[in-house]
Structure formats: C-alpha cells, structure tokens
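Only the coordinates and a few stated rules stand behind these numbers; no lab work does. Note that the coordinates shown come from a computational prediction; the quantities given were computed from them, not determined experimentally. Note: ideal-geometry Cβ built from the backbone for every residue, glycine included; neighbour counts use all protein chains shown.
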Amino acid sequence: MPIASPAASVALEGFELRVLHLPLVSPFTTSFGTETVREVIVVRALTDGGDGWGEIVTGASPLYSSEYTQGAWDVALRFLVPALLERGTMAPEAVAEVLAPFVGHRMVKAGLELAVLDAALRSEGRALGEYLGSMRDRVPSGVSIGIQRDPAALVDAVDGYLAEGYARIKIKIKPGRDIADTAAVREAFGTIALQVDANSAYTLADADTLAELDRFDLLLIEQPLQEDDLVDHATLARRLRTPVCLDESIVSAKAAADALALGSASIINIKAGRVGGYLEAVAIHDLCRDAGIPVWCGGMLETGIGRAANAALSALPGFTLPGDVSASNRFYTRDIVTEPAILEDGHVRVPTGHGIGVEIDPVALDDFTVARETLTR
Ligand code: OSB
Ligand code: MG
C-alpha cells in the first residue's frame, strides 16, 4: 500500500557530503571486479528540524551500473543539491519530483531523499519502518558471498556463514565459475536456501550452461544478462526451470512493470539506491505484491545508515524472500553507527528509533572521511 501518512515538511538549510573509505573484512569479488575498500558517499541534510542522514551507494567505478563516486559527487554538488536548496521547504515525498528534471543518477537521488526523509521523521518522532509500512520487527537475513579462489574455498566460506546462522546463501557466479561452484555448495550442504547472482555476465548464447543450473533447485538466478536485455531475459526465463530474478534491470517502478509484462522475471530484487529512493522502492513492492511477484531487498555493501533503512524496507509484507540484509560485521570491523546491525537467530532487527533509527558515531565518521563538502542556502 502507498505511504499511509506523509512526513512533515522541513526547511532545508544545507547538505554536507562526505566520501568515506571503509576497509572490507575480506575482498568482495563479483563477475565485474574485486573490492577491498568500500568507497561510499554519506549525506547529512541540515534542516530546521535537525539533521538527517542518507547514503549514496555508488561504487568507485561504473561497473555495476553507470553511476560511480566521482560522477555522483559532481552531479550532487553541481545540480541536485542546489535544486533542493533552491526549493527550500519541502516534504520528503517532494524530493523525487524536484529532482525529476535531472535524468538518471538514481543512487544520488536516493541518498539525498533518505537524508531528507530521516530529518523529517526524526523531527516528528516517527520510525522509518512504521512510515514505510513495515509489518515485522525483524527480518530473515541472507548473505551474499563473492567468488572465491576455488570451489573448496567457497564451501569453507559458506560453512562459516551457515555457522553464524544466515538464513539464505547467495553465491556470485560468472562464466567458468558457475556449475562447479554451485554443485560444490549444494553437495556440501544439502537443501539449504541457495541462489546465484551473475551480475550481467552472460548472454543468451550461454542458455545451455545456465540451464545446467536447473538441477540444483536454486531459489533463483539473479541478473544473468545485461541491464537493458528485458526481451532476452524473457526468452531465457522460458528456457529455465530456475526462476529468473532481476536486479540491475529494475531501475524504476516503470521498468518493473515492463519486466513483468514481458515475462522477463518472476522475482524482483529491490534496491532503493538503484531505483532512486525508498519511496520508489515501496512503489515497486506494491506493484509486485498486486501482481503476486515475490520481492526481496538487495544490498550495496551499505554502511549502518543504509543497512538500517534496508531492514525497515525488508519488513514490508511483500518481501517474502530473505534479502541481502546481513549483519554489519559481514563487511566491516568498524561501522559508522553506534549500534551496527547484528545477526540474531538468522535475523536482523528493524530499528525502532526515530528516522532510520540509528545514531552516527562521529569519531568513526571522521576517521573514514577522505573528502568533504558542504553547500548551504
Ligand atoms: O548484485 O547484488 C548485487 C554488491 C554490490 C553491487 C551489487 C551487488 C552486491 C551484492 C552485495 O551482492 C549485497 C550486500 O550488500 O550484501
Ligand atoms: Mg545482484
């Protein structure tokens, strides 16, 4: 259902943007590359109702999507933040509308919107989960595991996460590191909840290989083909018994509706950053729920800011599959919030504090900051 009751308007006084470098506990390898440090932009909205926090989930390079840190930094400071400050006073629900004339840059828009939303909800004393329509106080936690040195190393990694209690395992695949890796995990751990993510590494010419995955009873295969391959995904989906789930392709509610109309996917991964914000994410949740399509919450190696907001989003009723909403320590030894998300019985808690429900650790924030810029009205 759409947002039941809109948030308060706030007078925007300025925005502080910071680039942070957070070391990862271990390298994270996907079909598009390896990361050892998470580069991320943290947004602080300065308002008459107090500060609000958001996170721009771009990576350092445009490998997952066309967005990347320096491009995000530039477009935010040159166009998006000035447009918001120019408008002055607004409700969080108006942020997307003010930013709509600027094409693309959805992760930047999402981070700015979250900061305004957090400020507004904190000023009213409301929790983000309650505002978005959360129905649960905790959500099952899945973990995304990067490509390892070899299948044996992958089995070791999966073993560790299962021992911690993760409710669902996702492994990254790419051509040449697909069937044997998946077989090794299935053989080692039996009927665990298992899915794979290709991050666009295949083409339709690989359909025979991908069909070999059918024998592993996977929950889904995520984004086998390119972002704009909606028709090819529909063709592939007809070939596979494994459900096709889209991540990169779903950049908006419109893209989700198109994908469903074409039969490109039977499950959708929702990431607020990729779709331009938590409100657009709720719109996709709503349309999928009406269409009987399961959704789950994806992750972008979020700091404690995005991790808290993702837990709230994941508690909406249509999120019927475990998301990539892992504990903070899956990626970080030190987070920038005072109470990083922890795994409890395979779940993470939906914060109940005001706004995103977590407090920033100012010392950690400063320690990880490598660049900083403030624009005021
Ligand atoms: O495709 O889901 C993805 C991380 C960065 C970019 C893309 C993806 C991922 C993940 C990690 O799989 C998910 C997480 O944050 O736990
Ligand atoms: Mg993915």
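A few remarks follow.
- Order of I267, I250 under a 10 Å beta carbon neighbour criterion, fewest first: I267, I250
- With both residues required to sit in the chain, DSSP beta bridges show an antiparallel share near 65%.
- Qualifying lysines (Cα of each under 23 Å from Cα of K174; at least 8 residues distant if same chain): K271
- Spatial separation of Cα centroids for region 48-104 and region 196-235, in angstrom: 32 Å
- Kirkwood analysis of the chain, using all unique Cα-Cα pairs, places the hydrodynamic radius at 20.6 Å.
- Euclidean distance between Cα centres, region 257-334 to region 131-148, Å: 8 Å
- With a Förster radius of 35 Å applied to the beta-carbon distance between L63 and E86, the computed FRET efficiency rounds to 0.60.
- On full extension, the segment bounded by T369 and T36 gains 118.2 nm, given 0.36 nm per residue less the C-alpha separation.
- Each peptide among 177-186, 106-115, 206-215, 324-333 gets the average number of other Cβ atoms lying within 10 Å of its residues, and from highest to lowest they stand as 106-115, 324-333, 177-186, 206-215.
- Ranked by how many other Cβ atoms sit within 10 Å of their own Cβ, fewest first, the residues H354, H347 fall in the order H354, H347.
- Extending 7 Å from the Cα toward the beta-carbon at both D258 and D159 defines two label points whose distance is 4.6 nm.
- DSSP-assigned coil residues among trypsin sites (Lys or Arg not before Pro) in region 220-272, each with at most 15 further Cβ atoms within 10 Å: R241
- Between R215 and D150, the simple spin-label model (points 7 angstrom out along Cα→Cβ) gives 2.2 nm.
- What the Cβ-Cβ distance of F189 and D137 gives, at R0 = 35 Å and to the nearest 0.05, is a FRET efficiency of 0.75.
- Inter-label distance, V25 to L77: 3.4 nm, where each label sits 7 Å from its Cα along the C-beta direction.
- Residues Y68, Y166, Y131, arranged from fewest to most other Cβ atoms within 10 angstrom of their Cβ, appear as Y68, Y131, Y166.
- Gained length - D206 relative to E339, 0.36 nm times residue gap less alpha-carbon distance: 43.5 nm
- Rounded to the nearest 20 debye, dipole of region 47-204 from Cβ charges on Lys, Arg, Asp, Glu: 360 debye
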